[in-house]
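The values are calculated or read from the model by the stated rules, or taken from the named source; none is laboratory data. All figures in this text were calculated on a predicted structure; none of them were measured in a lab. The accessibility values were calculated without ligands, DNA or RNA, using every heavy atom of the protein model including side chains. Shrake-Rupley method; radii C 1.70, N 1.55, O 1.52, S 1.80 Å.
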Amino acid sequence: MRPGAVVHVQASLRALGPVPGGAATVVDALLHALDAPARGTLVAYTATPENSATSRIHAAATAGLSPSQLDAYRSGMPPFDPATTPCSETMGALSEHIRTRAGARRSSHPQTSFAALGALAREITRTHELTSHLGPDSPLGRLYDLDAQVVMIGVPMSRFTAFHLADQRMPDVPLREYRCAGPQGWISFKAPDLDDLHFAELGSEVLREAVGVTERRIGGARCRLVPVREAVDLATDILHRRRGTAV
């Protein structure tokens, strides 16, 4: 990683192995490598899918509830607050540590927020359109614009979040309705359907064609440094080839 760069971290501390100080030590090391907050910026996905009545996680949590039980469950869901709502446990300890770190900025989307630390934290998190949860008008889109990198620490390409940008460039991207517990109560909006079930295959194809990916082993974790723009543009080309559509 270069001092002054913008880097989105996706990490599994379990894959990394024992680290004295845990998540705090790993974040300290990443910030030091980027020379943040003076020059660089560290970004994490701090999503809250449990906050959405239309997510797979919510569906699993409420499976088998009666209509009255479901109403009670949803009535008890706290409204999303960017300053205090924890990110989903599925995001990992590193994302939650970045969210709560002094000086962190967080975007306002009630389901797909990002947090950032460093020189461009405010710029990256300032705009997050409700209907562009993981699209061009979100912090993920800003990572593409800024020619950011993603450091994958023990995390496979099947979880490469930026692939959603490629999906949303497709001419046949489906829309669906989402419902979230927002700051002022329940809100509904239509946005592209988020589907990551094909990311594993897409990631394998991208790795075969990409030239800017660096691989290393850190502790017990296989790690990659992936340029967002190259990966998303390659994924877009691959998806067009599969569909036989013009780029």
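Observations on the model:
- Value in Å of the Kirkwood radius, where the stretch 13-138 supplies the Cα pairs that are averaged: 15.9
- Identified option (computed Cα extents along the principal axes in Å; candidates (1) 77, 53, 40; (2) 54, 45, 28; (3) 52, 49, 33): (3)
- Rounded if a/c under 1.5, otherwise prolate or oblate - the stretch 147-191, Cα gyration tensor axes: oblate
- Per-q log10 I(q)/I(0), the stretch 143-247, q = 0.11, 0.21, 0.23 Å⁻¹ (Debye; single scatterer per alpha-carbon; no solvent): -0.42, -1.09, -1.22
- Of the accessible area of the stretch 134-247, computed with a 1.4 Å probe over protein heavy atoms only, carbon and sulfur atoms account for 49 percent.
- The chain - mean residue ellipticity at 222 nm from DSSP helices (-39,500 (n - 2.57) per run, n ≥ 4, rounded to 500): -9500 deg cm²/dmol
- Excluding ligands, DNA and RNA, the accessible surface per residue across the stretch 138-232 is 46 Å² with a 1.4 Å probe.
- The chain: antiparallel DSSP beta bridges as a percent of all, rounded to 5: 75
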